[in-house]
1. Say R0 is 25 Å: what FRET efficiency, to the nearest 0.05, do L60 and T37 get from their beta-carbon distance?
2. To the nearest 0.05, what FRET efficiency results for T25 and N83 with a Förster distance of 41 Å applied to their C-beta separation?
3. Between V68 and S8, what FRET efficiency follows from the Cβ-Cβ distance if R0 is 30 Å, with the result rounded to 0.05?
Amino acid sequence: MATTVYASDFDFIHLQLSPDLSGLTLNFEAFEAHLNTLMQTDMGRYLQVSNVLYAWMEYLPSFADVRVRLGIPEALTFTGSDNADVVTGKNTNDVLWGRKRK
């Protein structure tokens, strides 16, 4: 993720010793705070960073609890077109954000 355009966002994820001192693990505390800030200030970036992290975590099932804790939904991102696309929600914590790309 350090090579993505979101590298500065992912810099908030730090390595630390695992609780049993058997190796290294990832600390997401600062990243979680950063995501919360993005959610309030830049929803577009929040969704983009969340999607990249979700895709990365697909290959790290041991971090599934982190994905849930951070509130990153399971691949619920929809990319529309110039056609009459339909988007539905579940009356829960859905977010609809959009812009037309040039």
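Please treat every number below as a calculation from the coordinates, not as lab data. This structure is a prediction, so every number in the text was calculated from the model and none was measured. A quick note on method: Cβ atoms are made from the backbone with ideal geometry, for glycine too, and the neighbour counts reach across all protein chains shown.
1. Computed FRET efficiency for L60 and T37: 0.55.
2. In this case the efficiency is close to 0.40.
3. FRET efficiency, V68 to S8: 0.75.
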